[in-house]
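Structure, as structure tokens:
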Amino acid sequence: MGQRYIERWIDLIFILGIDALDYELVEKLNLNNLKQIEYGKVIVPINEKIGIPSSPEVWASFLIGENILIKFESSSYFINMITKILGIFNIDSDEEFFKKIRGFFVRFGFSSYSRFGYLTRKTFLDITKSKKINTPYYNFDNKTFKLSALFGNNKISLKKAVKEIKLLYESRKKQIFRELDNIGDEDVVFAFMHTADMLQHCSFIRFSEIEQHYIDLDNYVPILKNRLEDSFDEVIFIIVSDHGFDFDKGTHSMRGFYSSNTHLIPKPEKITDFYEIILELVKNANFAGMD
Ligand SMILES: [Zn+2]
């Protein structure tokens, strides 16, 4: 790393992860709160099989600081054990095989709908004193995945799905606020929202609904920042997204998004760059409360 941060007093590094926040749409709607002082596109890993970014893979790479290939991850210890045993014997099971096993476990209540399993490598959240709010691979509550399974299996209508996504979004905003009251000596907070991705995947939804969601997110950012500033003097506020959305094709687009309320050094080009940037910030910051 060429440049180093001059030691500065930082009270908190707050990262808001917004799944599928599309750079082009933020730009088109000119959402300045989401854009902050510095913003841009970031390169993210492209999943070999599907040819587009896969959310679990991108968030894993973001947290670990390296492109990580996520073949199959399950929230069930049992399935992960089977995966590992097969791996030891060099048996390369295909995804369909695991989908079947997963379906079996989900049906009998042994597993959840999670697409985030367990990471075997340390993340920057493990290395720092961190708080995780609905964070992939830690405490993501899977509610959006459950909803998507219900909608995908025609158990609920589009109208109902959209309504539920909006309710989830409102409760997530409240949850993040509540959790801020419980920040102790943590230096890094990562809060995650998955509802933009969900709404965008609901085809046939009116585009104005998606725009409204973006505008609402843009309004939420200053409210969240003000709330943080009540408790902390110096907050580094970073927004990160794992990919955007290609509204013509109805699939993930190829680049992620980021913004920051302070100029980051170095300027991130890849989503994996944040790992070092955050660790460097933590290392050089004289956190309040530290001796
Ligand atoms: Zn995603």
Answer residue from segment 36-54, given it is among the charged types (D, E, K, R) and part of a loop (DSSP other than H, G, I, E, B) and is modelled with the lowest pLDDT among those:
Lys49
Any residue that is aliphatic (A, V, I, L, M) and assigned to a helix (DSSP H, G or I) - is there at least one of those in segment 125-137?
yes
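Here's the yes/no breakdown for (1) within 16 Å of the ligand (Cβ to nearest atom); (2) under 30 Å from Asn153 (Cβ atoms):
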residue	(1), (2)
Leu199	yes, yes
Phe204	no, yes
Arg227	no, no
Ile236	no, no
Ser241	yes, yes
Which count do you get for residues in segment 219-255 that are assigned to a loop (DSSP other than H, G, I, E, B) and free of Cβ contacts under 8 Å to residues at least 40 places away in the same chain?
2
Within segment 19-35, considering residues that are assigned to a loop (DSSP other than H, G, I, E, B) and within 15 Å of the ligand (Cβ to nearest atom), the one surrounded by the fewest Cβ atoms within 10 Å (Cβ to Cβ)
Asp19
Residues of segment 142-172 being surrounded by 15 or more Cβ atoms within 10 Å (Cβ to Cβ) and among the acidic types (Asp, Glu), which ones?
Glu164
Which of (1) touching a strand residue (DSSP E or B) at 6+ places or on another chain (Cβ under 6 Å); (2) part of a loop (DSSP other than H, G, I, E, B) is the odd one out, the single condition Asp141 does not satisfy?
(1)
Mind checking which pairs have a first residue in segment 13-30 that is within 20 Å of Trp59 (Cα to Cα) and aliphatic (A, V, I, L, M) and a second that is assigned to a helix (DSSP H, G or I) and within 11 Å of the ligand (Cβ to nearest atom), Cβ under 7 Å, 6 or more apart or different chains?
Ile18/Ala196; Ala20/Ala196; Ala20/Asp197; Ala20/Gln200; Leu21/Ala196
Within segment 205-213, is there a residue that is exposed (fewer than 14 other Cβ atoms within 10 Å of the Cβ), of a type outside the set (D, E, K, R) and at pLDDT below 95?
yes
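The values are calculated or read from the model by the stated rules, or taken from the named source; none is laboratory data. In this text the structure is predicted, and so the values were computed from the model without any measurement. All Cβ positions, glycine included, derive from the backbone under ideal geometry; neighbour counts span all protein chains shown.
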